[in-house]
Each structure stands twice: as structure tokens, then as C-alpha cells.
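Following: one structure in C-alpha cells, then a few remarks.
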Amino acid sequence: MTKKKVFISFDYDQDRSLKDLLIGQSRNPETPFDVIDNSLHEAAPEKEWEEKAENKISQADLVIVILGHRTHVAPGVLREIRMARDLSKKIVQIIGYKEGKYRRIAGAGVLYRWTWENLKKILK
């Protein structure tokens with residue numbers, strides 16, 4: 001079975017631990033996806049930030065947006081979503097925290113709870 005290539009978009013300043021959890025899950029031999037890259041720190045001095053992100057997103061089969069408390073206003077995430085839409089990539093959102101507040105991002109795909117079953121469904 002060929003694994004799907006996933007780009008993870010998340011609020012770099014607030015939710016790196018969520019990204020680490022999803023990457024950890026991707027290392028399970030039964031996981032149907034490989035993480036090819038994830039959000040870059042927007043404040044990084046790299047002039048080519050957008051070019052690098054767009055290149056990685058273009059290689060992905062799917063973009064997963066991990067929703068934390070402030071993801072809906074994270075400028076880097078919003079730019080990555082715009083890039084994915086421009087590239088006609090499938091985008092889905094997963095709720096990062098069981099408790100607390102989060103806001104769905106308009107135009108960023110279907111919203112799912114982060115469960116093993118939902119990940120398998122998303123990645124069929």
C-alpha cells in the first residue's frame with residue numbers, strides 16, 4: 001500500500017507539541033501516511049519561506065491543518081491554506097485539543113476530531 005504524503009499546517013508558536021504528536025503517529029507501521037513536511041516558522045529570516053512552503057505543499061497528497069486555540073489567526077497557516085487551495089490540494093482540519101476553544105478556518109476543508117479512525121478515513 002502506498003502511503004499518502006501529508007503536509008501539516010499548524011500554529012508554530014502555539015502548537016508544536018500537536019505537530020510532534022501527529023508525526024509520532026505517522027511512525028506507526030500501520031499509519032497510511034508519511035509526513036513530508038510541516039509549517040515553517042514564519043518569523044524565520046528565510047526570504048524563500050513561501051517558495052519552500054509552496055514546493056512542499058505541491059508534493060503533498062493532502063494538507064492537514066491542526067486546529068489549536070489561535071490557529072485561525074496564525075498568518076503562516078492562513079498563507080499555507082491559500083497556497084494549498086491555489087494548488088487544488090485536498091485540505092482537512094483536525095481538532096488538536098480535546099478541551100478548550102478552537103475555531104474552524106473557512107475554506108480549509110472538512111473538520112474532524114483527531115481520532116485514529118478519522119485519520120484512516122481522511123487518508124483513504
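Read-outs: derived from the displayed coordinates by stated rules, not from any lab. Just so you know, these numbers come straight off a predicted model, no measurement behind them. Glycine also receives a Cβ, built like all others from the backbone with ideal geometry; neighbour counts cover every protein chain displayed.
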Above-threshold pairs, the threshold being 24 Å between Cα atoms, out of LYS4/LYS89; LYS5/LYS98; LYS5/LYS101; LYS3/LYS101; LYS19/LYS124; LYS19/LYS98: LYS5/LYS98; LYS5/LYS101; LYS3/LYS101
Point-to-point label distance, LYS90-GLU51, nm (Cα→Cβ direction, 7 Å offset): 3.1
Of every Cα-Cα pair in the chain, the percent that sits beyond 27 Å: 9
Over the chain: helical MRE at 222 nm, DSSP H runs n ≥ 4 each giving -39500 (n - 2.57), nearest 500: -10000 deg cm²/dmol
Gained length - ARG104 relative to GLU30, 0.36 nm times residue gap less alpha-carbon distance: 23.8 nm
Taking the convex hull of Cα positions in the range 56-124, its mean projected area over all directions (nm²): 4.5
